[in-house]
Amino acid sequence: MSKERADLLVDEHFGREILADAHARGLKTACPVEKSGQAEFEFQYGEDFIRHVEAMDPTYCKVLVRYNPQGDAALNQRQAERLRRLSRYLNETRRRFLFELLVPAEPAQLAQVAHDTEVYDLTLRPSLAMTAMRELQDAGVEPDVWKVEGLDRRDDCAAVAQMAQRNGRSDVSCIVLGRHAEDAHVRRWLEVAASVPAFIGFAVGRTTFWEPLQNVLAGRIAKQEAIGAIARTYRRWVDTWEMARDGTLERMVDATAATQVRRPP
């Protein structure tokens, strides 16, 4: 995969020099603006967030937002108001907007599926994510790219993509996130997402680097070994994505050709 097809995501606090180096190399970058680890979206630098965005000058301004449409309505409204403000600023300054949407289960929703989080992910989360996207769009929040939790079924993935692009938003794309899941789950999510044209890639972080990083910090392996392990895992995600994408394109071409052959004179 060429560097033109990869973006680098790192925050300002730990990655200021990395962002500057990537910018100098002509690489695309993404930098978060949210206060990390909060249940409610807030700007990392409060009212000073614009100055920090302009100083880092990323290709994408990224937010992580926890938003369940059946959750606290007042909380959702407060978040939507802040996000609308950010969205307008980014649009006015021609900066791109990357929106990472998490839909944590409400207690009543978990009770509905006998507290089985995998069943929640499969049966409830897809429709909740689409409702959240619609509510945020209607509130004036307009991402260029939606970063969504992995989906196991292609129909759900296609429906999420359709929601992202509804009402003339044809230039909006989606990527799938890894959510620190096991390798098998990540591979499945990548294969499903790659089969949907509106999904243009993935962001798999902790599943890629967490174990090698922990081993380095514990002194079990050298830094260079960790770099190699991270690179191999990332390469595996790329191969999984490209094989699934290529297979989908081949099936589309075959289906088109078969339709043309069967078409009556």
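Rule-based calculations on the coordinates, nothing more; no lab input. Note that this is a predicted model, so its numbers are computed, not measured. All Cβ positions, even for glycine, are placed from backbone atoms using ideal geometry, and neighbour counts span all protein chains on display.
Summary table below
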| item | result |
| --- | --- |
| Ordering of 17-25, 198-206, 175-183 by burial proxy (mean other Cβ atoms within 10 Å per residue, highest first) | 198-206, 175-183, 17-25 |
| Cα-Cα P(r), the stretch 62-151, percent of pairs per 10 Å interval | 17, 48, 26, 8, 1 |
| Residue pairs, from the table 3/223; 28/62; 35/62, whose Cα atoms sit over 21 Å apart | 3/223 |
| Fewest-first sequence of 81, 149 by Cβ atoms within 10 Å of each Cβ | 81, 149 |
| Cα gyration tensor category, rounded, prolate or oblate, for the chain with a/c compared to 1.5 | rounded |
| Which of 60, 67, 234 has the fewest Cβ neighbours within 10 Å, and the rest in rising order | 234, 60, 67 |
| Ranked list, fewest to most other Cβ atoms within 10 Å of each Cβ, for 92, 106 | 92, 106 |
| Fraction of antiparallel bridges per DSSP, the chain only, in percent to nearest 5 | 5 |
| Residue 202 long-range amide H proximity, modeled H, under 5 Å | 176 |
| Zone of residue 183's modelled label, taken as backbone nitrogen in the stretch 223-240 under 17 Å from a point 7 Å along Cα→Cβ | 226-240 |
| Cut-off under 5 Å, modelled amide H: who pairs with residue 96 long-range | 61 |
| Lys/Arg +1, Asp/Glu -1 at C-beta; the chain dipole; positive extreme among 178, 196, 233 | 196 |
| Cβ-placed point charges (K, R +1; D, E -1), dipole of the chain about Cα centre in debye, nearest 20 | 600 |
| Label-point gap, in nm, between residue 119 and residue 70 - each point 7 angstrom along Cα→Cβ | 1.3 |
